[in-house]
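A short worksheet on the structure shown next.
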Amino acid sequence: MPTRTREGYCLGIESTADDFSVGIATFKGEILANVISAYMLPEGGIHPREAAQHHVEVANKVLEEAFQKAGIKPKDLKVVAFSQGPGLGPCLRTGATVARALASYLGIPLVGVNHCVAHIEVGKLKTGAVDPVTLYVSGGNTIVAAFDSGRYRVFGETLDIALGNCLDVFAREAGLRQKLGEPFGAVVEKLAKNGQKLIPLPYTVKGMDMSFSGLLTAAVNLLKKGETKLEDLCYSLQETAFSMATEVTERALAHTEKKEVLLTGGVAANKRLQEMIRLIAEEHDAKFCVVPSQFAIDNGAMIAWTGVLAFAHSMITPIHRSFVRLRWRLEEVEVPWMK
Ligand code: ATP
Ligand code: FE2
C-alpha cells in the first residue's frame, strides 16, 4: 500500500436494505466497531420507504455508538465509505446522504463501495481466504463469483428470487413464528432438522444459473394441501435449494481450479448448507471458509474495509458522482487490490 494509506481509520455506512449499520476499520484491517440496527416488519418482508425512515431515525445513535466502541473521534477519520449499490433506492439514498454530509463536514474523501464486493472482501479479511470461489447467499442475492482479469466475475446466479427470499416467503406462508431477531431461514433450519422424508421438488439449474421461484411455488402448494409434514417440507426445500447452489459452486470450483471456497451472506449461517459446501471443497482439495455471522449479514464493517482497499488504490468518489446505483453489478467493479 502507498505510504499515505498505512495508518488511519475508515468509517463505513451500510444501508442497502433493512439494516442500517456503521463500521469502523483501521487501514491495517482491524475492525474497531460494527454496529447494526435492523428494521423489522412484524410479518417479515420489507417496505423500502419505511426501512429508509428507520435508517433516518437511528443514524445518529448508530454513528455515536460506533465512535464510542472504536474509541475514536470523527476528526480522527481519514475516509468515509458507503454502500453505493446494489439495493433499494430509498434505503441507499439515506446512507449516501449521511456519508456525504459526514465527509464534506470533515473535509475528507468519500468512497462509494459495491455491496457485493464488500461481502467478498470482509469474508477474505475474516477467514484469511486470498482468492476464493465465493457463494454469496442472502435475502436479495444468490451469486457464485470468482476473481479473474481484474474483476470478480459472476459464474452463476439466480434468474429470479434469491435463495434466502425463497426460505423467507415459504416460512411466512407457513405462518412460522420467529423469536425476536431470529431470521426466518433459521426457523426453517430448525424444523428441517426433524424432517425425514425427501419430497421431490423442482430442481432448476440452467447452465450455471439457478431458479428458485418454481421450487417455492411447489413447496407452498404442497403446504396448502396439508398432506405433508411441515418438517419434511422444510427439509426437502432446504435440500433442493442448497443442492442447486452447491452444484453451481462446485462447477465454478472445478472450472477455475481455485483452492478456497468462501461462503457468505445471511444464509451462510445455515449448518446444512455449510456441510454441503464443505464437502465439495474437500473433494476439490480446497479450503472451506465461512464468514462469522456478524460479518455475513449486512454490516458497516465490510463497507469500511472495502473503503480502505479502494482508497489505497485512489478510488475516490467525488460528491457530484456519488449518486446511488440500484443495479450496480459485481463484475462492473474493478478490484485493483487483487493481483
Ligand atoms: P443482501 O442485501 O446482501 O441481499 P439481506 O438484506 O438479505 O442481504 P442478510 O442478513 O445477508 O440480509 O440475509 C438475510 C437472509 O438470510 C434471510 O433470507 C434469512 O432468512 C437468511 N438466514 C439467516 N439465518 C439463516 C439460517 N440459519 N438458515 C438459512 N437462512 C438464514
Ligand atoms: Fe448484503
Signed unit charges on C-beta, dipole axis of the chain, positive-most listed residue Pro318, Pro336, Val137 = Pro318
ask   = Mean 1/r over all different Cα pairs, inverted: what Kirkwood radius does segment 225-282 give, in Å?
value = 12.6
query = Roughly how many debye, to the nearest 20, is the charge dipole of the chain about its Cα centre, given +1 on each Lys and Arg Cβ, -1 on each Asp and Glu Cβ, and no other charges?
reply = 680
query = Looking at segment 222-326, which GluC sites (Glu not before Pro) are DSSP coil and have at most 14 other C-beta atoms within 10 Å of their C-beta?
reply = Glu227, Glu257
key: Fraction of beta bridges assigned by DSSP in segment 130-293 that are antiparallel (%, nearest 5)   = 60
ask   = Charges only on Cβ, +1 for Lys and Arg, -1 for Asp and Glu: so what's the dipole of segment 130-293 about the Cα centre, in debye to the nearest 20?
value = 460
inquiry  = Please compute the modelled spin-label separation between Leu326 and Lys259, points set 7 Å along Cα→Cβ, answer in nm with one decimal.
reply    = 4.4
inquiry  = Just to be sure I understand the model, the point goes 7 Å from the Cα along the line to the Cβ. What's the resulting Glu334 to Arg153 distance in nm?
reply    = 1.9
task = Using a Förster distance of 56 angstrom, determine the FRET efficiency expected from the C-beta separation of Asn221 and Asp131, and round it to 0.05.
result = 0.85
task = Under 26 Å Cα to Cα from Lys258, which lysines show up? Leave out anything in the same chain fewer than 8 places away.
result = Lys28, Lys124, Lys126, Lys206, Lys271, Lys287, Lys339
query = To the nearest 500 deg cm²/dmol, what mean residue ellipticity at 222 nm is calculated for the chain from DSSP H runs of n ≥ 4 alone, each contributing -39,500 (n - 2.57), summed and divided by the residues?
reply = -14000 deg cm²/dmol
task = Report the local net charge at Leu92: Lys and Arg +1, Asp and Glu -1, summed over other residues whose C-beta lies under 14 Å from its C-beta.
result = +1
ask   = Toward the positive end of the charge dipole of the chain, about the Cα centre and with charges on Cβ (Lys, Arg +1; Asp, Glu -1), which of Tyr235, Ala17, Leu263 goes farthest?
value = Ala17
inquiry  = At 1.4 Å probe radius, can you tell me the per residue accessible area of the chain in Å²?
reply    = 44
message = What does the net charge come to around Ile303 if you take all other residues with beta carbon closer than 12 Å to its beta carbon, with K and R at +1 and D and E at -1?
response = -4
ask   = Shape call for segment 104-253 from the C-alpha gyration tensor, a ≥ b ≥ c root eigenvalues: rounded (a/c under 1.5), prolate (a/b greater than b/c) or oblate?
value = prolate
Rh (Kirkwood; distinct C-alpha pairs) - the chain, Å = 20.3
note = Of all DSSP beta bridges having both residues in the chain, the percent classed as antiparallel (nearest 5) is 60
ask   = So between Ser243 and Leu180, what do we pick up on full extension, going 0.36 nm a residue minus the alpha carbon distance?
value = 19.7 nm
message = Using the crude model of +1 on Lys and Arg Cβ and -1 on Asp and Glu Cβ, and no other charge, please compute the dipole size for segment 40-159 relative to its Cα centre, in debye to 20.
response = 380
query = Quick one: net charge of Phe67's neighbours, Cβ under 14 Å, K/R +1, D/E -1?
reply = +1
note = Per the rule of 0.36 nm per residue minus the C-alpha distance, extending Lys193 to Met208 adds in nm 2.5 nm
note = Sparse-neighbourhood loop hits (trypsin sites (Lys or Arg not before Pro), segment 152-215; DSSP loop; Cβ within 10 Å at most 14 others) -> Arg177, Lys179, Lys197
key: Dipole of the chain, positive end: most advanced residue of Gly29, Ser293, Ser213 [Cβ charges, Cα centre]   = Gly29
message = Probe radius 1.4 Å, ligands and nucleic acids ignored: give me the carbon and sulfur share of the accessible area of segment 130-293 as a rounded percent.
response = 50
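The values are calculated or read from the model by the stated rules, or taken from the named source; none is laboratory data. Everything numeric in this text was worked out from a predicted model, so none of it was measured. Virtual Cβ from ideal backbone geometry, glycine too; neighbours counted across all protein chains shown. Accessible surface is based on the protein model in full, side chains and every heavy atom, while ligands, DNA and RNA are left aside. Shrake-Rupley method; radii C 1.70, N 1.55, O 1.52, S 1.80 Å.
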